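The values are calculated or read from the model by the stated rules, or taken from the named source; none is laboratory data. These numbers come from a predicted model, not from an experiment. Positions of Cβ are backbone-derived with ideal geometry, glycine not excepted, and every protein chain shown enters the neighbour counts. Accessible surface is based on the protein model in full, side chains and every heavy atom, while ligands, DNA and RNA are left aside. Shrake-Rupley method; radii C 1.70, N 1.55, O 1.52, S 1.80 Å.
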Amino acid sequence: IVSMCSDFTSNSGYGMIASDDIEKGSVVMSCPPYVFVPYETRKTNVCAYCFNMFAPDPEGIDKTQDMTSPPSTQEVAKETSKSSTDKKMEDIESKKDNIGEHNKAVTASVTSEESSEARPCQFCEEVWYCCDQCQNSDLEEHCNYECQALQKLDVKWVKDYYQYCDDLITDIRLLIRAINKRQISLDTQNDAKDLDDFTEQYGHLISNKECYSQDVLSSLRGVIQLANYLLPDDVQMDEDELLDLYCKHRVNMFGVWGDSGECLGYGVYPRASFFNHSCWPNVTFYKNKTSKSPFLDFVSVYSIPRGTEVCISYIDISE
């Protein structure tokens, strides 16, 4: 009941319009994510596949670093000395395992156990699942290059060395998943058309890269360089292409929120990105509670006549 239209207004480019009269409370779109990850501080009690919450594991909580008290300048200087940095990079390089053998091991570890209890991936211990079904559903995407990259991602070291916050760690995880998904398309393609899924999903999204200062772009480039480095050499993306992808994430990703207003994670919902912003939106969105992966339902807040632009708010307008 909504359709994409280019140049709907003179300034907003693409937009969504009502292709029919829409009643209040109607689901105008139920949109699947293309890539999605739990928020860094929620990763031990939010399922990486369905985004449902579960009781956190005590050991998992210990692995999530508390950054409310940043390390002192002296501690940072000691931690990030050239010798310690070189050693860390050597440790990361030493973890580059054989992809095929790694995938077999991950697959075997999942299929050999049937359980409804929450558990982490036993290899990277960076993603958690609420049940066996969710872990199996995420197996194809996680057990390829993402799991290996997350094994090498030492969150505490990255936070101390780069002074990255949880938002940026989550950004890195989302980039890793996007690169992983792109590579899966390449690995499984039978002809050139098979890659169209990735290029089509991101092709129409804007990046607004030209709006960033060179200082900001330099900082963003550091983030994508780290994400690239964590992946095998033959999986890494061209740096400029990956920077453009990261800028698209920053402009287009949606937060997925729990019933109590807590951020569960972020996802890229390409089709939903065509909704323009309004401070008086006629549509809002919620996490679909019945879909297994975190679909977003876009629901009309009042009746919308046919031909009217359908908008959401990009900011919190509740206050």
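For THR188, indicate whether it is touching a helix residue (DSSP H, G or I) at 6+ places or on another chain (Cβ under 8 Å) and either more than 18 Å from PRO38 (Cβ to Cβ) or among the small types (Gly, Ala, Ser) (or both). Spell out how you get there, then give the answer.
On the way: touching a helix residue (DSSP H, G or I) at 6+ places or on another chain (Cβ under 8 Å): yes; either more than 18 Å from PRO38 (Cβ to Cβ) or among the small types (Gly, Ala, Ser) (or both): yes.
Judged against the criteria, THR188 is a match.
Condition check ((1) under 23 Å from LYS181 (Cβ atoms); (2) more than 19 Å from the chain's Cα centre (by Cα); (3) surrounded by fewer than 19 Cβ atoms within 10 Å (Cβ to Cβ)) across all residues:
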| position | (1), (2), (3) |
| --- | --- |
| GLN236 | yes, no, yes |
| LEU242 | yes, no, no |
| MET253 | yes, no, no |
| TRP257 | no, no, yes |
| TYR266 | yes, no, no |
| TRP280 | no, yes, yes |
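Quick check on my filter: what residues within region 117-173 are in a helix (DSSP H, G or I), aliphatic (A, V, I, L, M) and under 19 Å from PRO33 (Cα atoms)?
First, pick out the residues of region 117-173 that are in a helix (DSSP H, G or I): 132-137, 139-152, 155-162, 166-173.
Keeping just the survivors that are aliphatic (A, V, I, L, M) gives 139, 149-150, 155, 158, 168-169, 172.
Residues satisfying the conditions are LEU139, ILE172.
TYR162: in contact (Cβ under 8 Å) with a residue 12 or more places away in the chain and open to solvent by 50 Å² or more (accessible area, probe 1.4 Å), yes or no? Quick ask: steps written out before the conclusion?
Details: in contact (Cβ under 8 Å) with a residue 12 or more places away in the chain: yes; open to solvent by 50 Å² or more (accessible area, probe 1.4 Å): yes.
Yes, satisfied.
From (1) in contact with a strand residue (DSSP E or B) (Cβ under 8 Å, 6 or more places away or on another chain); (2) over 13 Å from PHE51 (Cα atoms); (3) at pLDDT 95 or above; (4) open to solvent by 10 Å² or more (accessible area, probe 1.4 Å), pick out the condition that doesn't hold for ARG271.
The single condition ARG271 does not satisfy is (3).
Give me the strands (runs of 3 or more DSSP E) completely within region 209-319, filtered to those with at least 1 residues that are touching a residue at least 60 places away in the same chain (Cβ under 8 Å), over 23 Å from LEU175 (Cα atoms) and of a type in the set (Asp, Glu), ordered by residue number.
Where strands (runs of 3 or more DSSP E) fall fully within region 209-319 and carry at least 1 residues being touching a residue at least 60 places away in the same chain (Cβ under 8 Å), over 23 Å from LEU175 (Cα atoms) and of a type in the set (Asp, Glu), they are 296-300, 309-312.
Condition (residue is closer than 22 Å to ASP154 by Cβ, modelled with pLDDT of 95 or more and not basic (Lys, Arg)) applied to region 254-262: is it met by at least one residue? Steps first, answer last, please.
Initial filter on region 254-262 (closer than 22 Å to ASP154 by Cβ): none.
No.
Only one of (1) open to solvent by less than 20 Å² (accessible area, probe 1.4 Å); (2) of a type in the set (Ser, Thr, Tyr); (3) under 28 Å from ASP20 (Cβ atoms) is not met by TYR246, so which one is it?
Just one mismatch for TYR246, condition (3).
Would a scan of region 183-193 turn up a residue that is part of a helix (DSSP H, G or I), of a type in the set (Val, Ile, Thr) and at pLDDT 90 or above? I'd like the intermediate steps shown before the answer.
Of the residues in region 183-193, the ones part of a helix (DSSP H, G or I) are 183-188, 192-193.
Next, only the ones that are of a type in the set (Val, Ile, Thr) stay: 184, 188.
Within this subset, residues satisfying the condition of being at pLDDT 90 or above are none.
Scanning region 183-193, I find no residue that is part of a helix (DSSP H, G or I), of a type in the set (Val, Ile, Thr) and at pLDDT 90 or above, so the answer is no.
What's the total number of residues in region 118-159 that are open to solvent by 20 Å² or more (accessible area, probe 1.4 Å), hydroxyl-bearing (Ser, Thr, Tyr) and closer than 14 Å to LYS292 by Cβ?
1
Select, from GLY222, GLY203, the only residue that is open to solvent by less than 70 Å² (accessible area, probe 1.4 Å), farther than 28 Å from VAL155 by Cβ and not charged (D, E, K, R). Reasoning before the result, please.
Working: GLY222 fails: farther than 28 Å from VAL155 by Cβ.
Among GLY222, GLY203, only GLY203 is open to solvent by less than 70 Å² (accessible area, probe 1.4 Å), farther than 28 Å from VAL155 by Cβ and not charged (D, E, K, R).
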